[in-house]
Structures are given as structure tokens and as C-alpha cells.
Amino acid sequence: MLLLRKVRDQVKKHPGLIPQFFFICLGMGGAFTYLFRLARGPHVVWNKSTNPEPWNQLSPSYQYKFLAVNTDYKNLKKEGPDF
């Protein structure tokens, strides 16, 4: 609480800090959201006893990358055997 009071007092003294606080909070929020998205992906194993290799369950047409520039995942065929 004391830290927030100090931040508030500094913002009142120096209003030019408002955009800096805004963009720092925006960046931290975006980083948290991206890490949460990565942690919830189907290729991440949190419990090895139920499904030790979840990446074998994914179909070849699953787009696992955040941005795929040249790859059309809808036309991919599975090349390897089922394990």
C-alpha cells in the first residue's frame, strides 16, 4: 500500500510518468497473457501420469505456431506411424 501511495505521489508531481506507467503495465499484461497461452497449449505436460505424450494426439492439420507465414496446415497429411 505504501508503494502505491508513493507511485501516486510521484505521478502527481510528474504527470509525464503516466504514459510510462501505462506502457509498462500494458507490456507486463501482454507478457503474462502470452505466457498463460503458452502454458495452456496442448503440447505442454503438467501431469505426466494421465497423458505422458500429448503431442502424439495432435492432428497434422493442427496449427501449433502462433503465426504461420508460408504453411497451410489444412492441406498437411500425416507422414509417420501412430504410436
Go through (1) surrounded by fewer than 11 Cβ atoms within 10 Å (Cβ to Cβ); (2) more than 30 Å from L76 (Cα to Cα); (3) in contact with a Leu (Cβ under 9 Å, 6 or more places away or on another chain) for V44 and report which single condition fails. (2)
Do we have L35 as under 30 Å from Q57 (Cα atoms), open to solvent by 100 Å² or more (accessible area, probe 1.4 Å) and modelled with pLDDT of 90 or more here? yes
Just need a number here: residues in the range 10-43 that are over 12 Å from the mean Cα position of the chain (by Cα) and either touching a residue at least 12 places away in the same chain (Cβ under 8 Å) or part of a loop (DSSP other than H, G, I, E, B) (or both). 6
Going through L3, L26, L17 one at a time, which residue ends up being in contact with a helix residue (DSSP H, G or I) (Cβ under 7 Å, 6 or more places away or on another chain) and farther than 30 Å from L58 by Cα? L17
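The values are calculated or read from the model by the stated rules, or taken from the named source; none is laboratory data. What you see is a predicted model; the values in this text were computed from it and never measured. All Cβ positions, glycine included, derive from the backbone under ideal geometry; neighbour counts span all protein chains shown. For the accessible areas, the whole protein counts, side chains as well, though only heavy atoms, and no ligand, DNA or RNA atoms are used. Shrake-Rupley method; radii C 1.70, N 1.55, O 1.52, S 1.80 Å.
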